[in-house]
Amino acid sequence: MTVRFRGRWVAKGAAFLVLVCAVLAVLSFVVMSLWNALIPELFHGPLLTFWQAAGLLVLSKILFGGLRRGHGWHGHRWRQQMWRQKWESMTPEERERLRSRFRYRCGGWSGPEEAPPAGEQTKP
């Protein structure tokens, strides 16, 4: 990898980090402003500082949004539909071969009396 190419990735990484910090700062300011405008008036709650709002934002992401990449279960549904379409397009022989490969990889293969699927090595 050349120095020039590496420098471009470092610059992009730094720009991304600045962008993430800016978005976090803006969202924290919005959370702080909304909290301070509504909660003390409605519930006689305390005012929040900027850093408390940032912490509340991170905490709510962990509790309600999770730490997964993607869009939660939407990615799971897409993957499930992809496998269903793939399964439906297989011939019965291909399905049986796939079943036997999964059986072998998931521990369903009982030993030398039952030969492993073609192309698979025996477990050590």
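The values are calculated or read from the model by the stated rules, or taken from the named source; none is laboratory data. Everything numeric in this text was worked out from a predicted model, so none of it was measured. In case anyone asks, the SASA skips ligands and DNA or RNA and just uses the protein heavy atoms, side chains included. Shrake-Rupley method; radii C 1.70, N 1.55, O 1.52, S 1.80 Å.
If I stretch the segment between T91 and K61 completely, what's the gain in nm (0.36 nm per residue apart, minus their alpha carbon distance), one decimal? Difference between extended and current length: 6.4 nm. The alpha carbon convex hull volume per residue for region 1-62 rounds to 74 Å³.
Starting from the Cα-Cα distance between W83 and S33, subtract it from 0.36 nm times their residue separation and give me the gain in nm to one decimal.
Extending this stretch completely gives an extra 13.4 nm.
Remark on L48: its backbone amide H falls under 5 Å from those of N36, a criterion applied only to residues 5 or more positions apart or on other chains, H modelled at 1.01 Å from N. With the whole protein complex present, V58 retains an accessible surface near 70 Å², based on a 1.4 Å probe.
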